[in-house]
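Structure first, commentary second.
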Amino acid sequence: MTRFSTSFRDERMKILTLTILAVICIVIEILMHSYLGVSIGYTHFFYVLLVLAAIWYQKKAVILAVILAITHIGVGYFIGGESIWAPILRGAMFVIVTLLVAILSEELEASRTQLITEKEFLLESERKLTVIFNSIQTGIVIVDPDTHTIVDANPVAIQMIGVPKDNVVGTMCHHFICPADIGKCPITDLGNEVDNAERVLLNGKGEAIPIIKTVTPVYINGRKHLLESFMDISERKKAEAQLKDANTRYIGYIKEAAMRLKTPVEVVGQNIALLEEGIIRGDFSQEEIVSQLTLQVKNMEQIQQNILNLNKTIVDGFGEISPASKKFLTE
């Protein structure tokens with residue numbers, strides 16, 4: 001409502017100003033011819049009216065120029081007694097000047113509108129980028145490649161670093177990111193690319209946090225910067241270490257199982273071979289054969305129990321193991 005009222009007041013002021021100037025021009029026109037007998041010189045004042053009208057109303061002001069030209073021609077010819085061609089020439093200049101100023105005014109207005117539109121677009125784009133910059137769940141810092149100082153950092157990066165943003169911005173990037181790369185930055189010093197490379201982030205407590213980092217050159221306000229994005233991979237590193245430790249222990253359990261099973265299996269095999277030879281020679285009675293077979297079955301049952309015990313030990317140490325591993329240990 002206030003903007004509309006202001007615009008309305010401005011419009012009224014423009015009309016009032018042009019009306020007053022038009023009246024003054026007509027009065028001067030009549031006075032100069034009727035009382036002073038002057039036909040030239042004073043018309044320069046008319047251009048104040050025409051230029052203002054052309055600036056404010058563009059080509060619509062040509063109507064005013066035509067009216068003023070007709071008035072000038074009529075007064076000059078009928079009252080001043082001038083030759084018709086002199087006031088016609090001056091009147092034509094009124095129209096031409098007004099038209100030229102109107103065209104320039106329209107072009108300036110179009111340029112101004114375009115600049116406003118582009119500015120609004122840039123502001124909207126900047127707003128969207130700021131929202132994305134502050135909302136993305138990845139640490140991002142913007143670094144000046146000449147000084148290696150941090151120009152900006154998003155909330156995730158600040159949270160990972162663990163110190164206030166004011167203490168991060170303006171600080172050399174190697175103070176927090178890739179401290180081992182001081183003087184040998186892969187991007188600015190060595191000319192390499194950093195894409196999903198494992199690096200280290202130092203937080204405010206001096207703790208080293210493993211990260212995956214990507215560096216992308218970007219231009220901000222016409223100057224080249226480095227956009228460094230990184231993710232905390234502490235949990236992944238911890239899982240890898242646990243898996244490596246588990247694999248080491250798993251191999252140890254397999255070796256232990258092989259050692260525990262080797263001798264009993266060999267003994268059972270030897271006993272069965274001796275039993276077979278005795279049966280062929282007829283050294284054993286039927287009762288002895290049954291007794292020997294029963295003994296070997298018990299030995300095999302003991303071997304099976306040993307395997308089950310090893311299986312339980314592995315499962316308790318690792319959590320659930322794969323069906324293939326269970327089959328290997330139990331069959």
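Per this entry, ASP152 is not counted among residues that are in the same structural domain as VAL218 (by TED's automatic domain parsing) and exposed (fewer than 13 other Cβ atoms within 10 Å of the Cβ). Consider GLU107 carefully, then state whether it is among the acidic types (Asp, Glu), part of a helix (DSSP H, G or I), modelled with pLDDT under 90 and farther than 30 Å from ASN154 by Cα. For GLU107, the condition - among the acidic types (Asp, Glu), part of a helix (DSSP H, G or I), modelled with pLDDT under 90 and farther than 30 Å from ASN154 by Cα - is not met. If you filter segment 165-191 down to residues that are in contact with a helix residue (DSSP H, G or I) (Cβ under 7 Å, 6 or more places away or on another chain) and hydrophobic (A, V, I, L, M, F, W, C), you find that the one that is modelled with the lowest pLDDT is ILE182.
Here VAL141, VAL194 are screened, and the one residue that is on the phi < 0 side of the Ramachandran plot and modelled with pLDDT of 85 or more is VAL141.
Is it the case, given these coordinates, that THR98 is touching a helix residue (DSSP H, G or I) at 6+ places or on another chain (Cβ under 7 Å), hydroxyl-bearing (Ser, Thr, Tyr) and surrounded by 19 or more Cβ atoms within 10 Å (Cβ to Cβ)? Quick ask: steps written out before the conclusion?
Details: touching a helix residue (DSSP H, G or I) at 6+ places or on another chain (Cβ under 7 Å): yes; hydroxyl-bearing (Ser, Thr, Tyr): yes; surrounded by 19 or more Cβ atoms within 10 Å (Cβ to Cβ): yes.
For THR98, the condition - touching a helix residue (DSSP H, G or I) at 6+ places or on another chain (Cβ under 7 Å), hydroxyl-bearing (Ser, Thr, Tyr) and surrounded by 19 or more Cβ atoms within 10 Å (Cβ to Cβ) - is met.
The values are calculated or read from the model by the stated rules, or taken from the named source; none is laboratory data. Here the structure is a predicted model, which is why all the values come from computation and not from measurement. As a convention, Cβ positions derive from the backbone with ideal geometry for all residues, glycine included, and neighbour counts pool all protein chains shown.
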